[in-house]
Amino acid sequence: IATILYRYAGAEEVEEDALADFADADKVNAWAVDAMNWAVSVGLINGMDETTLAPQGNATRAQIATILMRYCEG
């Protein structure tokens, strides 16, 4: 979802490393790093908790709805 919204928004690469605080940031696929960094930096994705993104996990319908609402409101 991060990559879809990143490309749809025509967003530019974020300079800061918004993924640095997440212990599992290294599990984000290389092709999705820029998009995830953007999504976290603009507040679309906050992680499962303060230190876990769970990038290889499955998102629930509610999580996707929240991300989409945040995108629409932003």
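Throughout, read-outs are computed from the coordinates displayed, never taken from laboratory work. Quick caveat: nothing in here was measured; it's all calculated off a predicted structure. Here the Cβ positions follow ideal geometry from the backbone for every residue, glycine too, while neighbour counts run over all protein chains shown.
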Residue, nearest to ALA9 (Cα to Cα), within region 23-74, restricted to residues that are among the basic types (Lys, Arg) and touching a residue at least 24 places away in the same chain (Cβ under 8 Å): ARG70
Enumerated helices (runs of 4 or more DSSP H) restricted to the chain, each holding at least 3 residues that are surrounded by fewer than 16 Cβ atoms within 10 Å (Cβ to Cβ): 2-9, 61-73
